[in-house]
Amino acid sequence: MSSENYLQVTDLTVKYGGLLAVNKFCMTVKQGEIVSLIGPNGAGKTTVLNLLTGFARPSGGRIDFRGRDVTGLPPAWIAANGIRRTFQQNSLMFDLTVGENIRAGLHTRVSTGLFASLFNSAAFREEDRTMRIAVDRVLDAVGMQAQRDVAARNLPFGDQRKLGIGIAIAAQPSLLLLDEPAAGLNPDESAQLTALICRLRQDGITIVLVEHDMRVVMGVSDRIVVLSRGEKLAEGTGPEISTNAEVLRAYLGDGSWAMPATVDSEHNQQEG
């Protein structure tokens, strides 16, 4: 399998009644890339993530992941085979601790049953040890080891966002889809999120990011794909997208976005 077609989306289309939510959308993601999917409100970005993860069924088109057609397969199969996602709204178990939330994200790796746990079998003890090691690995990855025993409901909002990412990476996905992880974060929290996303890529996770915070997008993206009214409007690097006249018209017409004045120079310095 070539890294060129790690994730290949071809002519993906979905209709809801008479509404064409996504129309012949195409996207390629290489292994190890961070590709951001941006666009005005209602452009179809989250719908694309729902299609990629099986939470929505396409009306047409095809999704290939690691050389296999996964179009329309159930969410559980897609998750078990290496694609995980976060959601715009926190999906945490607020009465559980940080560590317990992470452990819950490892449920697909549990093989021992109730009988083994009741009798504290050797197999159960070994699996429990493996799980504790896995939880530690995730807590280290998202920088939350010190909050292991804190109830999720008592975390600051930015840490709740980090915990959501931790749950998503607990089962060691090869492709992670992040749906507006910076929503509601302050600038310091957004900077921490940017650093976390870059670390996840260094750990070998390929990432598709849906995000409105353009500082985060410009800080992490290898390429940016722009959606407008369910169709791909443009694709390119950060500097290319930030100066694309069609993209600027689409965003400014929607009134939902303005490129930060310092983004281009910051990005170019990083590239240089």
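The values are calculated or read from the model by the stated rules, or taken from the named source; none is laboratory data. Note that the coordinates shown come from a computational prediction; the quantities given were computed from them, not determined experimentally. No Cβ is skipped: glycine too gets one built from the backbone with ideal geometry, and neighbour counts run over all protein chains shown.
Quick rundown of the values:
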read-out	value
Residues within the stretch 51-106 that are in contact with a Pro (Cβ under 7 Å, 6 or more places away or on another chain), in a loop (DSSP other than H, G, I, E, B) and not hydroxyl-bearing (Ser, Thr, Tyr), tallied	4
Total residues in the stretch 72-92, condition closer than 24 Å to residue 211 by Cα and of a type outside the set (Lys, Arg)	12
Residue count, the stretch 1-47 (criterion: more than 15 Å from residue 233 (Cα to Cα), surrounded by 14 or more Cβ atoms within 10 Å (Cβ to Cβ) and small (Gly, Ala, Ser))	1
Residue within the stretch 217-232 that is free of Cβ contacts under 8 Å to residues at least 60 places away in the same chain, assigned by TED's automatic domain parsing to the domain that holds residue 32, farther than 23 Å from residue 102 by Cβ and in a loop (DSSP other than H, G, I, E, B) present	no
Test: residue 221 is out of contact with any strand residue (DSSP E or B) (no Cβ under 8 Å at 6 or more places or on another chain), of a type outside the set (A, V, I, L, M, F, W, C) and surrounded by 21 or more Cβ atoms within 10 Å (Cβ to Cβ)	no
